[in-house]
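Single-structure report; data block below.
The values are calculated or read from the model by the stated rules, or taken from the named source; none is laboratory data. Values in this document were obtained by computation on a predicted structure and should not be read as measured data. Positions of Cβ are generated from backbone atoms using ideal geometry, with glycine treated the same way; all protein chains shown enter the neighbour counts.
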Amino acid sequence: MRLSWFNVVSLTFGFVFLYLPMIILVIYSFNKSKLVTVWAGFSTKWYGELLQNEAFLNAAWVTLKVAVISSTFATILGTMAAYVLVRSGRFFGRTLFSGMIYAPLVMPEVITGLSLLLLFIGIGMDRGVMTVVLAHTTFSMCYVSVVVSSRLFTFDQSLEEAALDLGCSPAQAFRLVTLPIIAPAVISGWLLAFTLSLDDLVIATFTTGPSATTLPIKIYSAVRLGVSPEINALSTLMIAVVTIGVILASLVSKRNVANKRREELAAVRAE
Amino acid sequence: MAANEFAPWEDPQAKPLIRFRNVTKRFGEFTAIDNITLDIYAQEFFALLGPSGCGKTTMMRMLAGFENLTEGVIELDGVDVGNVAPNKRAVNMMFQSYALFPHLTVWENIAFGLRRAKMPAADLTNRVEEMLKLTRLERFSSRKPHQISGGQRQRVALARSLAKAPKLLLLDEPLGALDKKLRQETQFELMDIQEKTGTTFVIVTHDQEEAMTVASRVAVMDEGNLMQVATPDRIYENPNSVYVADFIGDVNLIKGTAKSIGEGQYQINWMESLPPLNAKSSLPLSDGQSCHLAIRPEKVAINAEKPEGAVNAVQGKVLDIAYLGNLSTYYVQLADGTIIKAQTANTRRISRRSFTWEDPVWLSWTATAGVLLES
């Protein structure tokens, strides 16, 4: 199909709008000069300095820890919530429950952060890694729940009935049949929760303490003192990681879909 | 009753495998099953037949344990199974969608139930191989469900539900997803497997041909009630109600009033201008009682001249002809507009049709050709 000039223009504008800022950032991360706005030749020295910067490395470690733990909890809770909402039919308080699960999607982060802060102060919990983990679990589980429940809606319920019929307890049916089949949705829910936690600034700011500075907080506070090329380097690394992850994921799923289609065709032809 | 004929329902000593006793199932206000009492015997191939929404699927799901009863008792082998969970029943089900586990191979699918029953590994392997052989799936054992054809998936579903050697196998529209040719082959395969394994089969279907072909007995259902439970030939030749006569096969229904003219003999007054029809029936009808005469089209003869000595003969003209290849159905309109169908077998390949559109013809049938039914 040929692209009309209108489509070409829209496409170009779209991509420029999305990626121009990032391209500039990546280019300047290889700038020799300490001044962010002046190009002084190619260099990778800021990457070297970044690896020496204890504070950044620490923050990166804290962020990773928080993201892994909170997204795991969020996935477990979100999957359970989705399962109950989709499978239990109508029970007392169902509408309220589903409304409350999805509320954080539209709730301003400032309010979520503030209310969590008040809670932690109220119960006398020392703010640190633990409180950030709890806060991130809270706000990302609804995203997991949305992803998993949309998969469960299209799930053939007779598969679970077949499992029960063949002698599974309900728990076994979930573990042996439902979970393996919805696993892709659960994994994407986990990835979504992971990325949400990685780049959250607002809620982390409210709920963290001096012992646990996450990377977004660190970058934000560093930028307030002036943008350093080190931060450009750090951001470039993050962009690289995310890009590689996305490309890998789409390649894998594309290959799986193509394989499945080919095998189905082969099965039909063989008949 | 012939000694070698399988008909435990005629033996008052026989103990049924399944007993429905006054079973009622309501979904809120809606009554899906209305006070049904039914016995099904071991080794039967029992068909629940009816239009969608008649309650046949609910009956099956109650047997499997997926629906609770509102009232009544279901016994399996003399034990009340009302409160037994699906995973604790010696009943297996073959689902309409097949419900094959997409993440497991054919082999693993068949082994699934046996593993839950903690069968020793050696026995399990033997049993799975046996099932693969029975359903001719040996070549496909390591394939996943999406790598095999629809007919093969159907056989995997059957093998998986038979693997645990259930007392009772439930089949929910098992052939619904197959095309016609494959469906006919598979019907005989099902009957063959049922005979080989000696398992009791209960099949749910809306396809009357399928029910008539495979079943030892058929239950015709409508709106949560059993209309008739009988062998396929009795359902067809001796329907007990206008509903059953009309639901199964093609039928001419003539409404009239009965007048007794001797032991089991009736005259049916059905039209002012025409002589009454003669019919034999064991039904005790009082004079003047309104009734229906149900006659299958293949039992109506069609002739150019009035046949000599015919008990029932009416004149009309050919309105329409449906040529079905093996059969032709003539739609004959009588003087008052009533349409009666007559069917003839096209037994000779090269022959001209004796009648064509607008031809005047005579229709005739014997006194026993039709079934008298109370209105």
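Points worth noting:
- Test result for A:ALA212, modelled with pLDDT under 95, farther than 29 Å from A:TYR83 by Cα and outside any helix (DSSP H, G or I): yes
- Restricting attention to segment B:145-163, the residues that are over 17 Å from A:ARG261 (Cα atoms) and assigned to a helix (DSSP H, G or I) total 11.
- Long-range neighbours under 6 Å by Cβ, at least six apart or interchain, first residue outside the structural domain of B:SER364 (by TED's automatic domain parsing) within segment B:292-312, second small (Gly, Ala, Ser): none
- Subset of segment B:77-105 that is within 25 Å of the chain's Cα centre (by Cα) and crowded, with 21+ Cβ neighbours inside 10 Å - its residue that is farthest from B:LEU175 (Cα to Cα): B:VAL91
- One residue stands out in segment B:164-193 among those that are of a type in the set (Lys, Arg) and either assigned to a helix (DSSP H, G or I) or not assigned by TED's automatic domain parsing to the domain that holds B:ILE110 (or both): the one that is farthest from the chain's Cα centre (by Cα), namely B:LYS181.
- Residue in segment A:27-49 that is within 30 Å of A:VAL186 (Cβ to Cβ) and touching a helix residue (DSSP H, G or I) at 6+ places or on another chain (Cβ under 9 Å) present: no
- Filter pass, B:LEU363 being under 24 Å from the mean Cα position of the chain (by Cα), buried (at least 17 other Cβ atoms within 10 Å of the Cβ), assigned to a strand (DSSP E or B) and of a type outside the set (D, E, K, R): no
- Considering segment B:168-205, and only residues there that are touching a Lys or Arg at 6+ places or on another chain (Cβ under 9 Å) and of a type in the set (D, E, K, R), the residue that is farthest from B:VAL229 (Cα to Cα) turns out to be B:GLU189.
- Being away from chain A (no Cβ under 13 Å), among the basic types (Lys, Arg) and either in contact (Cβ under 8 Å) with a residue 12 or more places away in the chain or crowded, with 22+ Cβ neighbours inside 10 Å (or both) is not true of B:ARG116.
- In segment A:32-47, the residues that are closer than 12 Å to A:ILE231 by Cα and either surrounded by 14 or more Cβ atoms within 10 Å (Cβ to Cβ) or without any contact (Cβ under 8 Å) to a residue 12 or more places away in the chain (or both): A:VAL36, A:TRP46, A:TYR47
- Single residue of segment B:119-149 satisfying the filter (more than 10 Å from chain A (Cβ to nearest Cβ), surrounded by 15 or more Cβ atoms within 10 Å (Cβ to Cβ) and in contact with a Phe, Trp or Tyr (Cβ under 7 Å, 6 or more places away or on another chain)) that is nearest to B:THR199 (Cα to Cα): B:VAL128
- Some residue of segment B:82-104 being at the interface with chain A (Cβ under 9 Å from one of its Cβ atoms), among the hydroxyl-bearing types (Ser, Thr, Tyr) and within 16 Å of B:SER161 (Cα to Cα): yes
- Test set (1) within 23 Å of B:TYR236 (Cα to Cα); (2) at pLDDT below 90; (3) not basic (Lys, Arg) - B:PRO275 fails condition number: (1)
- Within segment B:220-251, considering residues that are under 18 Å from B:THR205 (Cα atoms) and small (Gly, Ala, Ser), the one surrounded by the most Cβ atoms within 10 Å (Cβ to Cβ): B:ALA245
- Taken over segment B:313-337, residues that are free of Cβ contacts under 8 Å to residues at least 40 places away in the same chain and assigned to a loop (DSSP other than H, G, I, E, B) amount to 4.
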